[in-house]
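A.B. asks: I have a structure I would like to understand better, so I am pasting it below and will then ask my questions one at a time.
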Amino acid sequence: MSIRFVATRVHLPASIAKLLQEHLEQLETRESYHPIVNEWLFPGIVPGQHLAAATGIGLLTRAGLRVRVLRTSRLALLSQTVPARVLADVIGISTQTAHARSIASGGAWQSYPELRRN
């Protein structure tokens, strides 16, 4: 299973794919879910709109997750493991900001274009 962020397709590990499949199955049973007009992974109450960020943060916080800590650590790991251009597409930041994050987190993707030519 994969998920697309703008132009970048990311293949999901089996454990995450299973959770995602369960989430999608639960969406289909919701009365407010409108699959024809809804292309969001986390749809909001209004058809065709995504879940509000504050609502998502509240759900995660109530589940005992520290959102800011999770976000910071996941961004650092992602910055180390994917090229800056992919990171920029996935999280919606500029390539320059993604490159700076990559350098700060110890990412080594400066030679990525050369690796793709081989």
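The values are calculated or read from the model by the stated rules, or taken from the named source; none is laboratory data. Source: prediction; values computed, not measured. Here the Cβ is made from the backbone with ideal geometry for all residues, glycine too, and neighbour counts use every protein chain on show.
A.B. asks: Ile45 versus (1) at pLDDT below 85; (2) loosely packed, with under 12 Cβ neighbours inside 10 Å; (3) among the aliphatic types (A, V, I, L, M); (4) under 18 Å from the mean Cα position of the chain (by Cα): which is the lone unmet condition?
C.D. replies: Of (1) at pLDDT below 85; (2) loosely packed, with under 12 Cβ neighbours inside 10 Å; (3) among the aliphatic types (A, V, I, L, M); (4) under 18 Å from the mean Cα position of the chain (by Cα), only one is false for Ile45: (4).
A.B. asks: I've got another one for you. Considering each residue of the stretch 7-22, count those that are surrounded by 13 or more Cβ atoms within 10 Å (Cβ to Cβ) and either of a type in the set (S, T, N, Q) or in a loop (DSSP other than H, G, I, E, B) (or both), and give that number.
C.D. replies: 2
A.B. asks: Is it the case that Arg74 is modelled with pLDDT under 85, within 15 Å of the chain's Cα centre (by Cα), of a type in the set (Lys, Arg) and not in a helix (DSSP H, G or I)?
C.D. replies: no
A.B. asks: Hey, Glu39 hits all of (1) in a loop (DSSP other than H, G, I, E, B); (2) assigned by TED's automatic domain parsing to the domain that holds Gly107; (3) among the acidic types (Asp, Glu) but one; which does it fall short on?
C.D. replies: Failed condition: (2).
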